[in-house]
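Here the structure is laid out as structure tokens; the discussion comes afterwards.
The values are calculated or read from the model by the stated rules, or taken from the named source; none is laboratory data. All figures in this text were calculated on a predicted structure; none of them were measured in a lab. We place every Cβ from the backbone using ideal geometry, glycine too, and count neighbours over all the protein chains shown. Protein only, heavy atoms only, side chains kept; ligands, DNA and RNA dropped before computing areas. Shrake-Rupley method; radii C 1.70, N 1.55, O 1.52, S 1.80 Å.
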Amino acid sequence: MTVATEPTTGAVPPPSKEDVITVNKMNKWYGNFHVLQDIDLSVRKGERIVICGPSGSGKSTLIRTLNRLETYQSGEVYVDSILLGDDVKNIEAVRREVCMVFQHFNLFPHMTVLENLTLAPIWVRKMPKKQANELAMHYLERVRIAEQAHKFPGQLSGGQQQRVAIARSLCMQPKIMLFDEPTSALDPEMVKEVLDVMVELAKEGMTMLCVTHEMGFAKEVADRVIFMDAGQIVEMAGPKEFFDNPKSDRTKLFLSQIL
Ligand code: ADP
Ligand code: MG
């Protein structure tokens, strides 16, 4: 098989205006390992997508290609009609619009909560410090943690740290938020406080792609649920259809193991 070094262009129609993400026949290899296989995906503004699947199926790799934390070798990824290829300007433009929340929070331990939140607005957006502080406090209030603004991440619980991480993303006022198993490193009693914040965001119309096995969340807010296995999108359907009437045996097996 030939592996293109550049994303191919022109072979498919340009993305629809309503789509904020368009992935066309995207393939990615890690060396000889074909980690993402012919991925096709369109996401409209305001849509909430939940991605599930077994460990190692390529979920993280897929969402990481959407803000170019990972490259791909063939096909195309458009975010807000911007082609994510090797063009650094395009990559920067997309990263201004797409924020990611990780399993392990990734807060700077030597900075206070407030400093974690204002860092990017001040240095990337060139926002005056006073305005950045106001913005940060606004989002800390929204995730109900404003009283922790002057603490360091290590002084907070996991659930609080994850809410700080979400508020930090919101400070960049992104068009799209990507979540990679945001609750799977948390103690069970802290999962709900993070999911509650995510549900609120979803209901306010944020475009979201969430890798999660929290199927209650998927049932409550997802417009579509995607099941991935072995680098492929095996099934994609509305939550009712997905849970009540899964088509593929692989999806059925997976659901029987986690529900
Ligand atoms: P998931 O998030 O579904 O658990 P990942 O996207 O993290 O899966 O990984 C998919 C596959 O790619 C796994 O087999 C993993 O071991 C492999 N993989 C992930 N990152 C790398 C990498 N940087 N180099 C080589 N293989 C990788
Ligand atoms: Mg993963």
message = What are the extents of the Cα atoms of the stretch 128-207 along their three principal axes, in Å, largest first?
response = 38, 31, 17
Normalised per residue, the volume of the convex hull around the Cα set of the stretch 93-159 (Å³) = 98
inquiry  = Tell me the per residue accessible area of the chain using a 1.4 Å probe; a whole number in Å² is fine.
reply    = 47
inquiry  = Over all directions, how big on average is the projection of the convex hull of the alpha-carbon atoms in the stretch 19-159, in square nanometres?
reply    = 10.3
inquiry  = Using square roots of five times the C-alpha gyration tensor eigenvalues, list the equivalent-ellipsoid semi-axes of the stretch 140-182 in whole Å, biggest first.
reply    = 19, 13, 8
inquiry  = Cut-off under 27 Å on the C-alpha distance; same-chain residues fewer than 8 positions from Lys89 excluded. Which lysines are left, in chain and number order?
reply    = Lys17, Lys25, Lys28, Lys45, Lys59, Lys126, Lys129, Lys175
Stokes-Einstein diffusion coefficient of the stretch 199-251, Kirkwood radius over Cα pairs, 4 °C, 1.567 mPa s, in µm²/s = 110
ask   = Mean residue ellipticity at 222 nm from the helices of the chain, using -39,500 (n - 2.57) per DSSP H segment of n ≥ 4 over the full residue count, to the nearest 500 deg cm²/dmol?
value = -11000 deg cm²/dmol
task = Rank Asn245, Asn90, Asn116 by mean-square fluctuation in a GNM of the chain with C-alpha springs under 10 angstrom and give only the top-ranked residue.
result = Asn245
inquiry  = Computing the accessible area with a 1.4 Å probe over protein heavy atoms, can you report the carbon and sulfur percentage for the chain?
reply    = 52
note = the stretch 18-34 and the stretch 119-187 have their Cα centres apart by a whole-number Å value of 29
query = Ranked highest first by average number of other Cβ atoms within 10 Å, how do 170-180, 130-140 line up?
reply = 170-180, 130-140
request  = Give the span of the chain's Cα atoms along each principal axis, as three whole-Å numbers ordered largest to smallest.
outcome  = 53, 43, 34
note = By the Cα gyration tensor axes a ≥ b ≥ c (a/c under 1.5 gives rounded; else a/b larger than b/c gives prolate, otherwise oblate), the shape of the stretch 136-259 is prolate
request  = Jot down the radius of gyration and Dmax of the stretch 23-80, Cα atoms only, both in angstrom.
outcome  = 11.3, 36
inquiry  = Within the stretch 207-232, list the residues whose amide N lies under 17 Å from a label point set 7 Å along Cα→Cβ of Glu200.
reply    = 207, 221
inquiry  = How large are Rg and Dmax for the stretch 55-114 when calculated on the C-alpha trace, in angstrom?
reply    = 13.7, 41
